[in-house]
Amino acid sequence: MRHRLGLTDTAFLVMGGIVGSGIFMNPHVVAVAAPSTAAILGAWTLGGAVALAAGFIWAELAARCPGVGGQYVYLKEGFHPWVGFIYGWSNLIVTQTGGMAAVAMTFARYAHTIAPPPWPESVTAIVALVVLTIVNLAGPVFVLRTREVAGLSSADVARGFVLSDGVFGLSALKSRIDGLDGKADARLQIEMYGGIADQFRRATRWFLANEALDAPIAQTVLRYRASLEALQESRALNEGDAAQIQALAQQVPEDLARDWVMMRRLDQDLDVALLARETGKPPGEVASLYAALGGAIGLDRLRLLAEQYVPSEHWDRLALRRLMDGLSRSQRTIATRLLSGGTGVEAWITAQGPALERTRDFLQTLEASGDLSVAKLMLASSQIQNLG
């Protein structure tokens, strides 16, 4: 990674980490406990001296132990690996979570003082944590962009985000990528983080489009997670996936490489799980028909082409996302008819005749041209939607 943080950036980061929201609460606590004005000023002076000394110590430690990991590395190298291990887990489970909860409650307390809403402070604190989690995992404009595509409220988008995280376990996957600090190339980590953000965007749009907005979150997560786990166990790797996993496993643990590569395949599993529930057919049967249908029409190739095409205009990107969602709906619609009528894919191909041949020829021409545009992809999508 290129070093982009200068002295000013670093100074403000450190100041923000030290001061934080505690400045709004701590002076009152000190003033109540101290017997006089001199004692209050003395306490703050002593605290500042301790903080300054700690800063010098930390700077020296960073110079002597330049490895990634901060306090974990200092404790591990200075005392024992177990000390660093215990610190890491206590930091994750107690220190960081407790600090985030305290900051969120402080924010909620002041927000309710300025403009009291009709709900308790705890709800505001939870909403603040959810919003910041979305920003950290999916990007600062995730909610806005998803609202533009789905036409729903920010609360609905947040709900879709929670469903995506619960079903796919994306936060846990991100934590495993975090563990690659100092072990894998930083550019690879950034690429993997980007894949998680993209998955959040795709999955959130899917849930907003296909699940009732008032469906219980916990039950929905459990239902889809069970379906996806069953489909994953029965899925055989194709050559492309196996090669990608093998290449990625040269730099990261093999189980992480597999989970990250197969994460993208789970999008279609959501369609399969929904079709199985709606038609009452076994998930394995639905998955086989759905995959065969996508290959027969050429949808898989069209999706790959669309993923490789990144329009420069914002509105073209929105239109492309709508188009991709429409392709999935078209495939589900045709699959539903075949499953309900007991028709196989081969019989359906024969019945479509010239219409399917025209669609395939158009897709082949589009792929061979190498010159993509939203208009051309829209024409391809409309031909697929016209198939009966």
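The numbers here are math on the coordinates, done by the rules we state, and not lab data. Not measured: the values here are computed from a predicted model. Positions of Cβ are backbone-derived with ideal geometry, glycine not excepted, and every protein chain shown enters the neighbour counts.
Okay, here's what the table says:
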{"read-out": "Global geometry of the chain, whether rounded, prolate or oblate, following the gyration tensor of its Cα atoms and the 1.5 cut on a/c", "value": "prolate"}
{"read-out": "Other-chain or far-sequence residues with amide H under 5 Å of Gly70's (modelled H)", "value": "none"}
{"read-out": "Ranked Glu278, Glu211, Glu346, criterion: other C-beta atoms within 10 Å, fewest first", "value": "Glu346, Glu278, Glu211"}
{"read-out": "Karplus 3J(HN,Hα) series, Hz, for the range 297-312 with 6.51 cos²θ - 1.76 cosθ + 1.60 (x for Gly, Pro)", "value": "7, x, 5, 4, 5, 5, 4, 5, 4, 5, 5, 7, 9, 10, x, 7"}
{"read-out": "Rounded to whole Hz, the Karplus (6.51, -1.76, 1.60) HN-Hα couplings of the range 345-355, x for glycine and proline", "value": "5, 4, 5, 5, 4, 5, 5, 6, x, x, 4"}
{"read-out": "Backbone HN-Hα couplings from phi across the range 112-122 [Karplus 6.51/-1.76/1.60, Hz, Gly and Pro as x]", "value": "6, 6, 6, 9, x, x, x, 10, x, 4, 4"}
{"read-out": "Using alpha-carbon coordinates, inclination of helix 217-234 to the longest axis of the chain, degrees", "value": "60"}
{"read-out": "Whole-Å distance, taken between Cα centres, linking the range 274-337 and the range 215-257", "value": "18"}
{"read-out": "Ranked Ser234, Ser330, criterion: other C-beta atoms within 10 Å, fewest first", "value": "Ser234, Ser330"}
{"read-out": "Relative packing of 353-359, 61-67, 269-275, 283-289, which averages over residues the other C-beta atoms within 10 Å, highest first", "value": "269-275, 283-289, 353-359, 61-67"}
{"read-out": "Ellipticity estimate at 222 nm from DSSP helix runs (n ≥ 4, -39,500 (n - 2.57)) divided over the chain, nearest 500", "value": "-25500 deg cm²/dmol"}
{"read-out": "Sorted by Cβ density within 10 Å, fewest first, the residues Lys376, Lys183, Lys76", "value": "Lys183, Lys376, Lys76"}
{"read-out": "Prolate/oblate/rounded call for the range 93-230, Cα gyration tensor, a/c under 1.5 rounded", "value": "oblate"}
